[in-house]
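I have placed the structure first, in the form of structure tokens, so that the comments after it can refer back to it.
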Amino acid sequence: MEERKPTVEELLARAKEPARKAPAWHAFYRGKVGTALKCAITSYDDFAIWYTPGVAQPCREIENDPEKVFEYTNKGNMVAVVSDGTRVLGLGDIGPEAALPVMEGKAILFKYLGGVDAFPVTIDTKDPDELIQAVKWIAPAFGGINLEDIASPKCFYVLDRLRAELEIPVWHDDQQGTAAIMLAGVINALKVVGKDPRRAVYTVFGSGAANIAFVRVLIGYGVPPGNIIMVDSKGIMHRGREDLEAKKDENPYKWKYACETNAEGRTGGPENAFEGSDVLVAASKPGPGTIKPEWIARMNKDAIVFATANPIPEIWPWEAEEAGARIIGTGRSDFPNQINNSLGFPGIFRGTLDVFARTITDEMTIAAAEAIARTAEEKGLREDYIVPTMAEWEVYINEAVAVALKAIEQGVARRVLSEDELVRQAERMIRYARTEVEILMREGHIKPPPAV
């Protein structure tokens with residue numbers, strides 16, 4: 001018997017469920033992350049080793065050889081999730097306190113999916129130079145920095161400065177993380193519809209951090225820049241846009257891609273960017289109604305639509321389907337094809353940290369995207385399955401290994417491990433994190449959430 005398709009009303013009700021439950025669940029646990037011990041405590045005498053006087057010896061050795069910090073401390077598995085709260089999800093500038101639940105949620109995903117210890121650090125400044133200085137001050141305690149929900153174009157400046165000035169990887173998940181999963185989705189969606197990614201035409205709707213980084217990575221993957229048509233709040237981006245040229249010092253990234261993309265010089269409003277397009281990648285204002293069905297109808301046959309705004313996509317999936325889209329992805333887990341960075345950053349950081357890498361390059365990001373795509377392809381691609389789900393935890397191992405090997409190849413790794421060693425390391429760390437939560441739940445130390 002054919003399964004009944006849910007009605008629009010049922011889909012809308014389901015879409016509202018996470019927001020309805022979230023306040024009660026957050027209040028029940030009073031936050032989502034804490035700290036846990038890694039070392040054994042066999043007796044109170046152990047504290048003389050873990051703390052004073054014994055701890056002085058590893059301190060002296062690190063002083064003499066700073067690289068030993070990775071051997072004697074948790075620095076090599078600790079990531080700071082840093083935000084100033086100026087562009088949180090689709091909520092905008094809500095401040096560092098209101099941003100904290102998101103950063104805690106990010107820390108959960110780091111730990112459970114990637115075995116990475118992550119701690120939220122929200123910083124009370126909107127000044128980019130102050131933010132950079134704050135991160136530099138805390139950097140000695142961390143093996144990596146994950147920048148999150150920082151307004152554009154400030155986020156580009158902050159990332160570029162910190163990548164240049166720190167000897168640990170600095171990553172902006174709204175840029176590189178989103179770019180990785182978007183590229184993975186594009187690779188596999190185009191395989192399903194039988195189109196060549198280097199000949200397809202792309203409409204990139206939105207010119208913030210996510211899409212600017214996606215375009216950079218897409219070009220790095222081999223897509224000709226001229227095949228990409230970018231849209232901002234004022235319409236199609238092109239080299240004749242005097243408003244973009246006037247602000248090129250303030251936002252050089254938009255002006256750069258206005259000049260390099262859109263080879264045919266297309267102009268006009270957003271609707272004109274959809275004509276003859278094969279792929280739509282949207283990361284813009286939350287919907288519904290940000291993208292109109294009649295715009296989707298102007299795309300080529302077998303159109304691919306990624307509407308990734310959170311918490312509500314720019315267009316509901318069923319509207320895009322009715323308008324002619326064949327493959328549809330969103331940023332949400334309650335619809336098929338979740339194009340969400342949660343599939344990327346846990347595994348990418350796992351591989352980066354496993355070789356104590358000094359940075360995360362675009363080539364490492366592309367390697368992660370290809371690993372994500374390959375994991376789904378091995379299971380069998382179809383219209384409602386173009387990327388793995390978070391439950392398929394092997395994707396994080398595959399990413400970690402691909403990223404680490406690329407870091408070694410590019411000479412940015414502090415230590416070199418074989419592919420087999422990298423597989424074992426990633427699996428051990430991820431399995432440990434999951435088992436720890438399972439034991440705490442089974443023993444009643446983490447109680448089930450309340451019924452709401």
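The values are calculated or read from the model by the stated rules, or taken from the named source; none is laboratory data. What you see is a predicted model; the values in this text were computed from it and never measured. Cβ: placed from backbone, ideal geometry, glycine included. Neighbour counts: every protein chain shown.
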- Message: From the list ASP160, ASP196, exactly one residue is surrounded by fewer than 22 Cβ atoms within 10 Å (Cβ to Cβ), of a type in the set (Asp, Glu) and within 21 Å of the chain's Cα centre (by Cα). Which is it?
- Response: ASP160
- Task: Looking only at the stretch 53-72, decide whether some residue is of a type in the set (S, T, N, Q), free of Cβ contacts under 8 Å to residues at least 40 places away in the same chain and not in a helix (DSSP H, G or I).
- Result: no
- Return the only residue of VAL412, VAL452, VAL403 being out of contact with any Pro (no Cβ under 7 Å at 6 or more places or on another chain) and either assigned to a helix (DSSP H, G or I) or among the hydroxyl-bearing types (Ser, Thr, Tyr) (or both). VAL403
- Query: Going by the conditions given, is ASN398 at pLDDT below 95 and either charged (D, E, K, R) or crowded, with 22+ Cβ neighbours inside 10 Å (or both)?
  - Reply: no
- Selection from the stretch 94-152 of residues that are among the β-branched types (Val, Ile, Thr) and out of contact with any Ser or Thr (no Cβ under 9 Å at 6 or more places or on another chain): ILE108, VAL116, THR125, ILE132, VAL135, ILE138, ILE145
- Task: Go through the stretch 317-336 and count every residue that is part of a loop (DSSP other than H, G, I, E, B) and modelled with pLDDT of 95 or more.
- Result: 2
- Looking for whichever is under 24 Å from GLY105 (Cα atoms), touching a helix residue (DSSP H, G or I) at 6+ places or on another chain (Cβ under 6 Å) and part of a loop (DSSP other than H, G, I, E, B) here; the options are ILE397, ILE360. Which one fits? ILE360
- Item | Residues being hydroxyl-bearing (Ser, Thr, Tyr) and in contact with a Pro (Cβ under 7 Å, 6 or more places away or on another chain) - total across the stretch 209-267 | 2
- Message: Just to be sure I understand, how many residues within the stretch 85-105 are outside any helix (DSSP H, G or I), surrounded by fewer than 19 Cβ atoms within 10 Å (Cβ to Cβ) and touching a Gly at 6+ places or on another chain (Cβ under 8 Å)?
- Response: 2
- Among helices (runs of 4 or more DSSP H) completely within the stretch 157-256, the ones holding 1 or more residues that are charged (D, E, K, R) and within 30 Å of PRO346 (Cα to Cα) are 178-193, 209-221
- Task: Determine which single condition SER43 fails, assuming it passes every other condition in (1) touching a helix residue (DSSP H, G or I) at 6+ places or on another chain (Cβ under 7 Å); (2) over 16 Å from GLY105 (Cα atoms).
- Result: (1)
- Does GLU319 satisfy the criteria of being under 25 Å from ILE229 (Cα atoms) and either touching a helix residue (DSSP H, G or I) at 6+ places or on another chain (Cβ under 8 Å) or assigned by TED's automatic domain parsing to the domain that holds PHE205 (or both)? yes
- Message: Can you find, within the stretch 163-178, the residue that is surrounded by the fewest Cβ atoms within 10 Å (Cβ to Cβ) among those that are in contact with a helix residue (DSSP H, G or I) (Cβ under 6 Å, 6 or more places away or on another chain) and of a type outside the set (Val, Ile, Thr)?
- Response: LEU166
- Task: Look through the stretch 376-394, keep the residues that are touching a residue at least 40 places away in the same chain (Cβ under 8 Å) and part of a helix (DSSP H, G or I), and return whichever of them is surrounded by the fewest Cβ atoms within 10 Å (Cβ to Cβ).
- Result: GLU377
- Query: touching a strand residue (DSSP E or B) at 6+ places or on another chain (Cβ under 7 Å) and not aliphatic (A, V, I, L, M), is that true of PRO313?
  - Reply: yes
- Query: Given (1) loosely packed, with under 12 Cβ neighbours inside 10 Å; (2) charged (D, E, K, R); (3) over 30 Å from LYS126 (Cα atoms); (4) in the same structural domain as ALA141 (by TED's automatic domain parsing), where does GLU61 come up short, assuming only one miss?
  - Reply: (1)
- Message: Take the conditions under 25 Å from ASP93 (Cβ atoms), touching a residue at least 12 places away in the same chain (Cβ under 8 Å), in a helix (DSSP H, G or I) and among the small types (Gly, Ala, Ser) and apply them to ALA309. Does it pass?
- Response: no
